[in-house]
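S.K.: Shown below is the structure under consideration.
The values are calculated or read from the model by the stated rules, or taken from the named source; none is laboratory data. Just so it is clear, the model here is predicted, and its values are computed rather than measured. Cβ placement follows ideal geometry from the backbone for every residue including glycine, while neighbour counts extend to all protein chains displayed. The protein model used for the area step is the full one, side chains on, heavy atoms only, and it has no ligands, DNA or RNA in it. Shrake-Rupley method; radii C 1.70, N 1.55, O 1.52, S 1.80 Å.
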Amino acid sequence: MITSHCGLSGIRNNTDSTKSKMLLSAATLLLSVLFAQCTPTLTSYGDAIQTGVYNMSHTTESLFKMFKDTHERKCDSLAEEEKRRQIFADNIRYINKHNAKYVSGESTYYLGINQFTDMTYEEFAEQFANLQNKDIWTGNVSIYLLPANYAAPSSVDWRQKGYVTQVKDQGNCGSCWSFSATGTIEGQHARQTGRLVSLSEQQLIDCSRRYGNNGCKGGYTGRSLQYVSDQPGIEGEADYPYRAGDSYPCSFTKSKVRAIIRGYYTVNPGEKNLETVTASVGPISVSMYVNRNFQHYMGGVFYDPSCSSTAIGRHAVLVVGYGSSPSNYWLVKNSWGTRWGEAGYIRMAKDRNNMCGIASQAVFPRV
C-alpha cells in the first residue's frame, strides 16, 4: 500500500498565507455549491482551463505551489518534492490534453486538479482502487427479484428524498468498501424509519476483519453488510467517528447501535436491473473499474469505452439515482470529499455497454 507521499503541513502563522488559504477554501466551497445546484457546461478552452480554483494557464510551478497550499502538502525531502513536482507536471499535461478534446466535442467530460494530481495512476490505484476482486456471497444473502411490470421513472435522485448523507472523505485509507456499505444502509434505514443517520465506517474497518475485510488495504461490500447483519447493527458516525486508519481495536458498543439489517440482496448484472432496483429501492452499493481519467475527473458525463481495459483497480461507490440530460447517466456518490468531481459526485454514462462495469456487482441491505 502506498502511504502518504507528502504529509500534511502544520498550521502556518503567516497572515498572508492564512488569508490565501481562506480565500481558496471559500472558492472551493462556492464551487461545491454551484456543482450541487447545476453543473456548468464548458464552452471554450478559457472555461476549461479554469477548473475549480486553478487556472490551468498558469505555470506548472505556480500551480504546484497552489496545490501544496490547498492540500497542505509537506514533503519529507527535496528529492521527494521534486519527484512529486514531476508527476504533477505530467498530470497537468495530461489534463490539458484531455480538456482540449472536451472543448472540441471529442469528450463528454473534463478533468481538473484534485488531491490525487501529485500521484501516478499506479500509486493512486494501489491505494484508492483496491476493492477486493471477488466478493464471495455468504450468510444471509438473496438475489433480488425485480418487481413485476414495474415502469422505472425517467429520472431518480434519492438525495431529494433525504436518503443520502453528505459526501464523506476516506482520506489516505483504502476504505471505499466501508463507505459504499454504510451509504446503502443509510438509505434503507432512512426509507424504513424516516430518519437519515450517518453511520460508522470506522466500525466496519475495526471490527469486520474476520469477514475478509482488510482495513485500509481493501475489503468487500457484501461481506460488510453480512457483518452488520450478524452483530446485529452498526453505530452512528457521531459515536464511532472515522479515523482514516486501520490500527485501532474494535470498540463496538451494542447499546449505541443506530441501524439494524437482516441480511442483504445481490442484484443480477445489467444496467436495466440496476435502474429498476435504484428506482424502486433506493441508493445501491456498486463496484466499478476506475482508470486514470476517473482519477482526475472534474465534471461532465463520464463516457470512456477504454475504462475497463485500462483500469488496474476497482472501487466501491454508491448509485443514488440517474438522469438523462445532456445524456443518460448514473448519479454516483464517491467517498473522496467534495474537492473531487462534481462536489464529490460523478455522472457515469448510462446505457452505454455497462460503463466501467458499474452494473456488474450491486448489493443493498434487507431491513
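S.K.: Considering only the range 305-336, state which residues are touching a Gly at 6+ places or on another chain (Cβ under 8 Å) and among the β-branched types (Val, Ile, Thr).
M.R.: Matches in the range 305-336: Val320 only.
Per-residue answers, yes or no, for (1) open to solvent by less than 10 Å² (accessible area, probe 1.4 Å); (2) within 26 Å of Tyr242 (Cα to Cα); (3) in contact with a Leu (Cβ under 6 Å, 6 or more places away or on another chain):
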| site | (1), (2), (3) |
| --- | --- |
| Met288 | yes, yes, no |
| Ser306 | no, no, no |
| Gly313 | yes, yes, no |
| Ser327 | no, no, no |
| Lys333 | no, yes, yes |
| Ala362 | yes, yes, yes |
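S.K.: Related question: Filter the range 139-168 for residues that are part of a helix (DSSP H, G or I) and open to solvent by 40 Å² or more (accessible area, probe 1.4 Å) and give the result.
M.R.: Initially, the range 139-168 is screened for residues part of a helix (DSSP H, G or I), giving 158-161.
If the condition is that a residue be part of a helix (DSSP H, G or I) and open to solvent by 40 Å² or more (accessible area, probe 1.4 Å), then Arg159, Gln160, Lys161 are the ones that fit.
S.K.: Starting from residues that are closer than 20 Å to Arg223 by Cβ and under 24 Å from the mean Cα position of the chain (by Cα), keep the ones in the range 247-259 and report whichever is surrounded by the most Cβ atoms within 10 Å (Cβ to Cβ).
M.R.: Ala259
S.K.: What's the number of the condition Thr117 fails, among (1) surrounded by 19 or more Cβ atoms within 10 Å (Cβ to Cβ); (2) more than 30 Å from Thr276 (Cβ to Cβ); (3) modelled with pLDDT under 95?
M.R.: Of everything listed in (1) surrounded by 19 or more Cβ atoms within 10 Å (Cβ to Cβ); (2) more than 30 Å from Thr276 (Cβ to Cβ); (3) modelled with pLDDT under 95, Thr117 misses just condition (3).
S.K.: So which of Ala129, Ala89 ends up being in contact with a His (Cβ under 7 Å, 6 or more places away or on another chain) and either touching a residue at least 60 places away in the same chain (Cβ under 8 Å) or open to solvent by 10 Å² or more (accessible area, probe 1.4 Å) (or both)?
M.R.: On the way: Ala89 fails: in contact with a His (Cβ under 7 Å, 6 or more places away or on another chain).
Just one listed residue meets the conditions, Ala129.
S.K.: Another one. Take the residues in the range 184-217 that are crowded, with 24+ Cβ neighbours inside 10 Å and in contact with a Pro (Cβ under 6 Å, 6 or more places away or on another chain), then tell me which one is nearest to Val367 (Cα to Cα).
M.R.: Residue satisfying both the conditions and the ranking: Ile185.
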